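Working notes, beginning with the structure itself.
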Amino acid sequence: MRLARAAFDSVTRGVTIVALLALACPPAARAAQEVYRSVDASGHVVYSDRGVSKSAPRTTLHVNEADPADAARLAHEQALLDADEAAREKQQALEDKSRANQQHKQQQACEKARSQYVHMKESARLYKRDAEGNRVYYNDDDADAMREQARRAMVAACGS
């Protein structure tokens, strides 16, 4: 067990030293590389390590190393953008759910108003119950006014 721990510490120390040396040394520009540049039938420029023919001209390509601080900054910015996008998607999902819930409630109110209107329209005589539970019938003018009120409520709930 102690031997494994010592080996682990040794490897960890070696990795740490190599990482510190890599950070301390300035990044060297890579040497220029020779590649083949060609244009395909669609007019797209293609770079390759192999030429399309034996007589294809070579092109020198210089590659600069990326700045680690710049890469870290870009990664941080991308993480912030991803977090903003996730928050936006979550907010949109909440709004969609709320909108669907509101539409469902509106549809239920419409169905209730339509049902009530149809019931009043198809009833020959409308009535209400008094305190003793007896039916008290409305006269024709009051019944027509109640039907019109139910129709207006249906139009308001359902639209035209």
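The values are calculated or read from the model by the stated rules, or taken from the named source; none is laboratory data. Keep in mind it's a predicted model, so treat the numbers as computed, not measured. When we count neighbours, we look across all protein chains shown, and the Cβ atoms used for this are built from the backbone with ideal geometry, even at glycine. The accessibility values were calculated without ligands, DNA or RNA, using every heavy atom of the protein model including side chains. Shrake-Rupley method; radii C 1.70, N 1.55, O 1.52, S 1.80 Å.
Some observations on this one:
- Restricting ALA71, ALA93, ALA109, ALA113 to those that are surrounded by 10 or more Cβ atoms within 10 Å (Cβ to Cβ), under 27 Å from the mean Cα position of the chain (by Cα), farther than 30 Å from ARG37 by Cα and among the hydrophobic types (A, V, I, L, M, F, W, C) reduces the list to ALA93.
- Selection of region 131-160 for residues being farther than 29 Å from GLN103 by Cα and either touching a residue at least 60 places away in the same chain (Cβ under 8 Å) or of a type in the set (Ser, Thr, Tyr) (or both) yields TYR137, TYR138.
- Of all residues making up region 44-56, the number that are open to solvent by less than 90 Å² (accessible area, probe 1.4 Å) and either under 16 Å from GLN33 (Cα atoms) or over 43 Å from the mean Cα position of the chain (by Cα) (or both): 5
- Flag set for ALA157, criterion: among the small types (Gly, Ala, Ser), in contact with a helix residue (DSSP H, G or I) (Cβ under 7 Å, 6 or more places away or on another chain) and surrounded by 10 or more Cβ atoms within 10 Å (Cβ to Cβ).
- Residue in region 125-134 that is surrounded by 10 or more Cβ atoms within 10 Å (Cβ to Cβ) and under 30 Å from GLU34 (Cα atoms) present: no
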